[in-house]
Amino acid sequence: MTAPVIVWFRQDLRLDDNPALLAAAASGRPVIALYILDDETPGKWAPGGASRWWLHHSLKSLSAALEVAGPGLTLMRGPAGPALDRAIAASGAEAVFWNRCYEPYAVTRDTALKASLKARGIEAQSFNASLLCEPWSITNKAGEPFKVFTPFWRACQDRGLPSEIHRAPRHIFAARRIAGDALDSWALCPTRPNWAHEFGEHWTPGEPGAKARLSAFLDDALRAYADGRDRPGQSLTSGLSPHLHFGEIGPRQVVRAVRAAADANPALEAQAAKYLAEIGWREFSYHLLHQAPALPEANFKPEFGAFPWASDPDGLRRWQRGQTGIPIVDAGMRQLWRTGWMHNRVRMVTASFLVKHLLIHWQHGAAWFWDTLVDADLASNSASWQWVAGCGADAAPYFRIFNPVLQGERFDPDGAYVRRFVPELAALPDKWLHKPWEAPAPVLHAAGITLCETYPAPMIDLQRGRDRALAAFSQIRKAA
């Protein structure tokens, strides 16, 4: 009997346009579909709480799809190497196929595993399922990696963004099932308390949910994306980030669909280009992580090692809980807790407030996002926090300190976003909604607001916080 091939699923939880799965099916060998929950190898970068909720539901969806296709899904837990060895021993597999991950710990692990498997006579193949361009394949004219987004994205486009996709095989020759874990035994979903109880109202993890989300975006939001993407009170972003992170849909599929929409309606061309540039930022983050594997823990610009960060545990807690007294910041942090996601414009505002107004280290913010975001992605999370802090590649200038009041007034002018997530301010007129501390006492009284009781006063004077941040940045500029 032909020995089976193991398809090791990781951040590619889909059947369509899955190169490892397609190669295994095309080989004519019986297939074992395997997912390993390896919490040990990533260390502190094991999936956070919100990601684990998503993973549970995504694996449930994938398992159902693989049951229909043939092989079903086997679950194992533990370090990947020993788990793979158990699966090989139980099945007699002579090949292991997987799609590449790009986190530094994954690169180290997978390189060693591939060498070990081949040394034992077991075929090992890896494929690209999650990026448009491999991180090492895009360089400038000097052969060096890019450190600025615009020329990087131009280089990606010049070589042509891949959009060819391959549909899932209609039937996959299934190998004899091997023993594995029950998904519920992993206890990935919170119970006591179930802080994720609202997540299901906002998200449908899994490949069908990803496709539905993309279709809805193309039908309803793409036409207003370029301007609407900055309006947190409106649903004009794609919401695809968690689906892309878990590989329930791939970037080639997104590029193909967006381009098809623009080809069918040329009036969408500018909107499509703007959206694809956001896919480009995701690519750029992986490009940066490849050239700077320490990105999640070390400043991309080493001179920031001398930055005078503040030790402020109470300030960090107030920020995490959405109790800063700054409405747009509090709305963002509460949206994050309730839904597992935060609008991108508000991510920038909340991050800037933490690292610049409060002078709290970006790593604390990145760690909180890692645990609470359903789209927590090591490359994007690390690169984005460093961009806001000013210590990253192509970072915001040190003097760019978002004024959260002005950001709120500009991008949430009717207060729809703040009123949704900070309901205690809902009765305030628009004029005062983003700065309730300036509202006259009769206006506050009429709105049922008592500062420091029903809603906190600002934890810092915004102008004083800005001045302090500029002074801190000037110190490291002089030292450099």
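The values are calculated or read from the model by the stated rules, or taken from the named source; none is laboratory data. Just so you know, these numbers come straight off a predicted model, no measurement behind them. Here the Cβ positions follow ideal geometry from the backbone for every residue, glycine too, while neighbour counts run over all protein chains shown.
Answer yes or no: is there a residue in segment 54-66 that is more than 28 Å from the chain's Cα centre (by Cα) and either farther than 25 Å from Pro205 by Cβ or at pLDDT 95 or above (or both). Talk me through it step by step, then tell me what you get.
Within segment 54-66, the first condition is being more than 28 Å from the chain's Cα centre (by Cα), and the residues that meet it are none.
Within segment 54-66 (the criterion being more than 28 Å from the chain's Cα centre (by Cα) and either farther than 25 Å from Pro205 by Cβ or at pLDDT 95 or above (or both)), the answer is no, since none of the residues qualifies.
Among the residues of segment 291-306, is there at least one that is aliphatic (A, V, I, L, M), over 21 Å from the mean Cα position of the chain (by Cα), at pLDDT below 95 and more than 30 Å from Leu428 (Cβ to Cβ)? I'd like the intermediate steps shown before the answer.
Step one: list which residues in segment 291-306 are aliphatic (A, V, I, L, M), which gives 292, 294-295, 298, 306.
Those left that are additionally over 21 Å from the mean Cα position of the chain (by Cα): 306.
Applying the additional criterion that residues be at pLDDT below 95 yields 306.
Still in the running and more than 30 Å from Leu428 (Cβ to Cβ): 306.
Yes, segment 291-306 contains at least one residue that is aliphatic (A, V, I, L, M), over 21 Å from the mean Cα position of the chain (by Cα), at pLDDT below 95 and more than 30 Å from Leu428 (Cβ to Cβ).
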Residue set Leu84, Leu59, Leu34, Leu22; condition in contact with a His (Cβ under 7 Å, 6 or more places away or on another chain), of a type in the set (A, V, I, L, M, F, W, C) and closer than 29 Å to Ala379 by Cα; output residue Leu22
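Can you pull out every residue in segment 7-34 that is under 18 Å from Ala179 (Cβ atoms) and either of a type in the set (D, E, K, R) or touching a helix residue (DSSP H, G or I) at 6+ places or on another chain (Cβ under 6 Å) (or both)? Let's see the steps before the verdict.
Here is the first cut: in segment 7-34, the ones under 18 Å from Ala179 (Cβ atoms) are 7-9, 30-34.
Answer for segment 7-34, where residues must be under 18 Å from Ala179 (Cβ atoms) and either of a type in the set (D, E, K, R) or touching a helix residue (DSSP H, G or I) at 6+ places or on another chain (Cβ under 6 Å) (or both): Val7, Val31, Ile32, Ala33, Leu34.
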Among the candidates Ala20, Ala87, Ala33, Ala50, residue that is assigned to a strand (DSSP E or B), surrounded by 21 or more Cβ atoms within 10 Å (Cβ to Cβ) and among the small types (Gly, Ala, Ser): Ala33
If we scan segment 426-435, do we find a residue that is of a type outside the set (Gly, Ala, Ser), outside any helix (DSSP H, G or I), touching a Ser or Thr at 6+ places or on another chain (Cβ under 6 Å) and in contact (Cβ under 8 Å) with a residue 12 or more places away in the chain? no
Could you go through segment 102-111 and let me know if any residue there is hydroxyl-bearing (Ser, Thr, Tyr), part of a loop (DSSP other than H, G, I, E, B) and not assigned by TED's automatic domain parsing to the domain that holds Gly390. yes
Cβ-Cβ below 7 Å, separation at least six or inter-chain, first residue in segment 372-396 and part of a helix (DSSP H, G or I), second of a type in the set (Val, Ile, Thr): which pairs? Val388/Val355; Ala389/Val355
For Leu406, which of the numbered conditions (1) part of a loop (DSSP other than H, G, I, E, B); (2) within 25 Å of Val355 (Cα to Cα) fails to hold? (1)
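Pick from segment 36-47 the residues that are in a loop (DSSP other than H, G, I, E, B) and in contact with a helix residue (DSSP H, G or I) (Cβ under 7 Å, 6 or more places away or on another chain): which of them is surrounded by the most Cβ atoms within 10 Å (Cβ to Cβ)? Break it down stepwise before answering.
Applying the first criterion (in a loop (DSSP other than H, G, I, E, B)) to segment 36-47 yields 38-42, 46-47.
Next cut, in contact with a helix residue (DSSP H, G or I) (Cβ under 7 Å, 6 or more places away or on another chain) only: 38, 41-42, 47.
Values: Asp38: 21, Thr41: 18, Pro42: 16, Pro47: 18.
Only one residue tops the list, namely Asp38.
Which residue out of Ser116, Ser130 is without any contact (Cβ under 8 Å) to a residue 40 or more places away in the chain and over 14 Å from Ile178 (Cβ atoms)? Let's see the steps before the verdict.
Details: Ser130 fails: without any contact (Cβ under 8 Å) to a residue 40 or more places away in the chain.
Of the residues listed, the single one that is without any contact (Cβ under 8 Å) to a residue 40 or more places away in the chain and over 14 Å from Ile178 (Cβ atoms) is Ser116.
Every residue, every condition in (1) closer than 30 Å to His287 by Cα; (2) part of a helix (DSSP H, G or I); (3) of a type in the set (A, V, I, L, M, F, W, C), yes or no:
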residue	(1), (2), (3)
Trp136	yes, yes, yes
Ala155	yes, yes, yes
His171	no, no, no
Arg176	no, no, no
Ala179	no, no, yes
Leu188	no, no, yes
Asn194	no, no, no
His197	no, no, no
Pro208	yes, yes, no
Please work out which one of (1) under 22 Å from Ala124 (Cβ atoms); (2) in contact with a Gly (Cβ under 8 Å, 6 or more places away or on another chain); (3) not polar (S, T, N, Q) is the condition Pro82 fails and give its number. (2)
Give the number of residues within segment 374-410 that are surrounded by fewer than 21 Cβ atoms within 10 Å (Cβ to Cβ) and not basic (Lys, Arg). 10
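Matching residues to (1) in contact (Cβ under 8 Å) with a residue 60 or more places away in the chain; (2) among the hydrophobic types (A, V, I, L, M, F, W, C); (3) touching a strand residue (DSSP E or B) at 6+ places or on another chain (Cβ under 9 Å):
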residue: Arg176; (1), (2), (3): yes, no, yes
residue: Leu214; (1), (2), (3): no, yes, no
residue: Gly228; (1), (2), (3): no, no, no
residue: Val258; (1), (2), (3): no, yes, no
Kindly indicate the residue of segment 137-186 that is among the aromatic types (Phe, Trp, Tyr) and touching a helix residue (DSSP H, G or I) at 6+ places or on another chain (Cβ under 6 Å) and also surrounded by the most Cβ atoms within 10 Å (Cβ to Cβ) among those meeting that condition. Phe152
